[in-house]
Amino acid sequence: KQEVTQIPAALSVPEGENLVLNCSFTDSAIYNLQWFRQDPGKGLTSLLLIQSSQREQTSGRLNASLDKSSGRSTLYIAASQPGDSATYLCAVRQGGGADGLTFGKGTHLIIQP
Amino acid sequence: NAGVTQTPKFRVLKTGQSMTLLCAQDMNHEYMYWYRQDPGMGLRLIHYSVGEGTTAKGEVPDGYNVSRLKKQNFLLGLESAAPSQTSVYFCASSYSAVYQPQHFGDGTRLSIL
């Protein structure tokens with residue numbers, strides 16, 4: 001059974017810092033990996049989707065990398081801002097027919113003004 | 001553009017009552033999903049659908065039923081609600097299972113007393 005782990009569970013940093021969120025998964029047979037953002041009381045917003053054949057994806061100040069063979073992904077946030085405060089979730093789509101995503105428990109990020 | 005809309009947003013039920021959660025998407029997506037989110041557990045897949053008239057079980061399907069009579073709607077039913085079904089329920093949809101991200105609604109917060 002696929003398991004997704006996110007480290008750290010919580011992170012608080014001053015505004016302006018660059019930071020890295022980590023995601024690991026136990027079964028490397030994935031179709032893709034997706035990073036989401038969740039604000040309190042809200043749904044999930046998709047940030048980046050990396051296909052299994054890709055190494056990284058970039059969107060603005062966000063960069064996500066994927067090392068499928070080692071079962072790891074990182075989300076890099078450059079020049080953090082208070083508006084980046086949220087919970088960040090990593091999820092993988094497993095190969096072999098299961099169509100849903102397997103999620104990690106998230107990293108709760110606070111950017112201090 | 002509404003995206004994925006879930007109704008109701010909040011509901012309190014008594015044990016043994018039944019109810020239906022509605023998910024509607026206006027993006028002409030084939031794939032639709034129901035997840036539940038519980039503290040310390042992350043999001044888990046309940047049921048999913050790969051097209052109109054189809055449904056399939058996810059990781060935690062017991063106690064729930066689903067129907068996809070129209071492409072744009074995916075209904076989640078609780079026939080006899082139990083306190084263990086207290087959770088936040090999220091619906092998601094995607095155009096492709098592999099190459100496109102999943103889009104989420106804002107959730108339904110359900111309490112079973």
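Under the condition of being in a loop (DSSP other than H, G, I, E, B) and basic (Lys, Arg), which residue from region A:23-58 is surrounded by the fewest Cβ atoms within 10 Å (Cβ to Cβ)? In this case the residue turns out to be A:Arg55.
Where strands (runs of 3 or more DSSP E) fall wholly inside region B:1-107, the ranges with 2 or more residues that are among the aromatic types (Phe, Trp, Tyr) are B:31-38, B:87-94.
For the criterion of being within 11 Å of chain B (Cβ to nearest Cβ), charged (D, E, K, R), touching a strand residue (DSSP E or B) at 6+ places or on another chain (Cβ under 7 Å) and touching a residue at least 12 places away in the same chain (Cβ under 8 Å), A:Arg93 passes. Pairing residues of region A:40-67 that are modelled with pLDDT under 95 with residues that are not in a strand (DSSP E or B), at Cβ distances under 6 Å and at least 6 apart in sequence or on separate chains, gives A:Lys42/B:Asp106; A:Gly43/B:Gly105; A:Gly43/B:Asp106; A:Gly43/B:Gly107; A:Ser46/B:Pro101; A:Leu49/B:Pro101; A:Ser52/A:Lys68. Of the numbered criteria (1) open to solvent by less than 60 Å² (accessible area, probe 1.4 Å); (2) touching a residue at least 40 places away in the same chain (Cβ under 8 Å); (3) at positive phi, the one B:Gly42 fails is (2).
Can you name the condition, by its number, that A:Glu17 falls short on among (1) under 18 Å from B:Val98 (Cα atoms); (2) touching a residue at least 40 places away in the same chain (Cβ under 8 Å); (3) among the acidic types (Asp, Glu)? So A:Glu17 meets the others, but not (1).
The values are calculated or read from the model by the stated rules, or taken from the named source; none is laboratory data. Just so you know, these numbers come straight off a predicted model, no measurement behind them. Backbone-built Cβ (ideal geometry, glycine too); neighbour counts: all protein chains shown. When the accessible area is computed, the model is the full protein with side chains, heavy atoms only, and any ligands, DNA or RNA have been set aside. Shrake-Rupley method; radii C 1.70, N 1.55, O 1.52, S 1.80 Å.
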